[in-house]
Amino acid sequence: MNVSTKKFLSLFVFTLFFKVGFSESLPNATSIIKKVNDAEDGIQVTRKVTMKMIDRRGKERTRETISYRKYFGKDRKTVIFYTDPANIKDTAFLTYDYESINKEDDQWLYLPALRKIRRISSKDRGDYFLGTDFTYEDIKKEGKISIDEYEFSMEGKDVVDGNMVVKITAVCKTNTIAEEVGHSKVIMWIDPAINIVRKSLFFDINGNRLKTIYVSDIRKVDGKWTRHLLRAENHKTGHQSIFRFDKVDYKSNIPDRVFLKSSLRRGL
């Protein structure tokens, strides 16, 4: 059997498997989004996060951080402390993601050089987070999706990195929401086997391609599917940001005081 025949047979088998795997009717888009939001991600978790920013010329900058996240009932709180390099050390970011749609989420940023804590209002949540290509909203949601702010539609099936996925489009319900989050719609490639978004393509207010977020190195930690590598590519600037998650610990006992606004000044 020659090489061409082998390649053809391999492609045929994969295509057949793909069709059989998705032979049943596609599920409702909103039900898939709910499963993503309900996926087990631990009551609390500690992580080391290395942030690398790469400009269009290939110049790199690296930041080292420690991230803590904890659920208080259905409310999720996250705090990030910068540990390196020296010129940004002790910078800290705190976010409260409330379950209730009637309560506005809270976000604060501490800049040690100014010795000031600045509140990030909801209208600024679409701003980019400290020189990265991830927004404050991206940092807060961590792969979850605000069901009440989008209209969802199922676009069909696809394959991402060899994994069968469903393709869902999310369109902002109002212009106000679009202006706040900094995009008008998102196309998401969701892996229904593990309920994780593997890829997201964002469009700006005018409908132009804005950025793509790629999720890879997804592994189980303590029985929970965990994202270890995120890459955001800005299609307008050519800038990229890579977040690497290491030392993921779901068993750490994080004191509640770590998530107080006053902890931003105290640091680690």
- line: Of Glu155, Glu104, Glu99, the only residue that is modelled with pLDDT under 95, touching a strand residue (DSSP E or B) at 6+ places or on another chain (Cβ under 6 Å) and either farther than 25 Å from Asp41 by Cα or among the acidic types (Asp, Glu) (or both) is Glu99
Residues that are surrounded by fewer than 18 Cβ atoms within 10 Å (Cβ to Cβ), not aliphatic (A, V, I, L, M) and not in a helix (DSSP H, G or I), drawn from region 33-43: Glu40
- prompt: So, in region 209-268, of the ones that are at pLDDT below 95 and of a type in the set (D, E, K, R), which residue ends up nearest to Ser184 (Cα to Cα)?
  reply: Arg265
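How about region 143-170: which of its residues are hydrophobic (A, V, I, L, M, F, W, C), within 17 Å of Thr212 (Cβ to Cβ) and surrounded by fewer than 19 Cβ atoms within 10 Å (Cβ to Cβ)?
Val159, Val160
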message: For region 189-236, give me each residue that is more than 23 Å from Ile177 (Cα to Cα), under 15 Å from the mean Cα position of the chain (by Cα) and of a type in the set (Lys, Arg).
response: Arg198, Arg227, Arg231
field: So Lys59, is it surrounded by fewer than 17 Cβ atoms within 10 Å (Cβ to Cβ) and within 27 Å of Gly238 (Cα to Cα)
entry: yes
- prompt: Limited to region 255-267, what total is found for residues that are of a type outside the set (Ser, Thr, Tyr) and exposed (fewer than 13 other Cβ atoms within 10 Å of the Cβ)?
  reply: 3
task: Can you tell me which residue among Val186, Val166, Val171 is among the β-branched types (Val, Ile, Thr) and in contact (Cβ under 8 Å) with a residue 40 or more places away in the chain?
output: Val166
- prompt: Does region 215-262 hold any residues that are more than 25 Å from Ile196 (Cα to Cα) and out of contact with any Phe, Trp or Tyr (no Cβ under 9 Å at 6 or more places or on another chain), and which are they?
  reply: Lys236, Thr237, Gly238, Asn253, Pro255, Arg257, Leu260, Ser262
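Does Val197 satisfy the criteria of being under 19 Å from Thr226 (Cβ atoms), modelled with pLDDT of 95 or more, among the aliphatic types (A, V, I, L, M) and outside any helix (DSSP H, G or I)?
yes
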- line: Contact list, first residue from region 74-88 and at pLDDT below 95 and of a type in the set (Lys, Arg), second anywhere and outside any strand (DSSP E or B) and loosely packed, with under 14 Cβ neighbours inside 10 Å, beta-carbon distance below 6 Å, six or more apart or interchain, is Lys74/Glu99
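For Ser252, are the conditions met, namely being out of contact with any helix residue (DSSP H, G or I) (no Cβ under 9 Å at 6 or more places or on another chain), surrounded by fewer than 18 Cβ atoms within 10 Å (Cβ to Cβ) and more than 23 Å from Tyr96 (Cα to Cα)?
no
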Filtered residues of region 117-129 (kept if buried (at least 17 other Cβ atoms within 10 Å of the Cβ) and either touching a residue at least 40 places away in the same chain (Cβ under 8 Å) or more than 24 Å from Ile54 (Cβ to Cβ) (or both)): Ile120, Arg125, Gly126
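Determine whether Gly207 is touching a Lys or Arg at 6+ places or on another chain (Cβ under 6 Å) and outside any strand (DSSP E or B).
No.
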query: Does Ile145 qualify as being under 23 Å from Phe202 (Cβ atoms), at pLDDT 95 or above and aliphatic (A, V, I, L, M)?
result: yes
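Conditions (1) surrounded by 13 or more Cβ atoms within 10 Å (Cβ to Cβ); (2) part of a loop (DSSP other than H, G, I, E, B), marked per residue:
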residue: Ala178; (1), (2): yes, no
residue: Val186; (1), (2): yes, no
residue: Trp189; (1), (2): yes, no
residue: Arg219; (1), (2): no, no
residue: Arg227; (1), (2): yes, no
residue: Ala232; (1), (2): yes, no
residue: Lys236; (1), (2): no, yes
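The values are calculated or read from the model by the stated rules, or taken from the named source; none is laboratory data. On a predicted model such as this, the values are computed, not experimentally measured, just so you know. Every residue, glycine among them, receives a Cβ derived from its backbone with ideal geometry; neighbour counts consider all protein chains shown.
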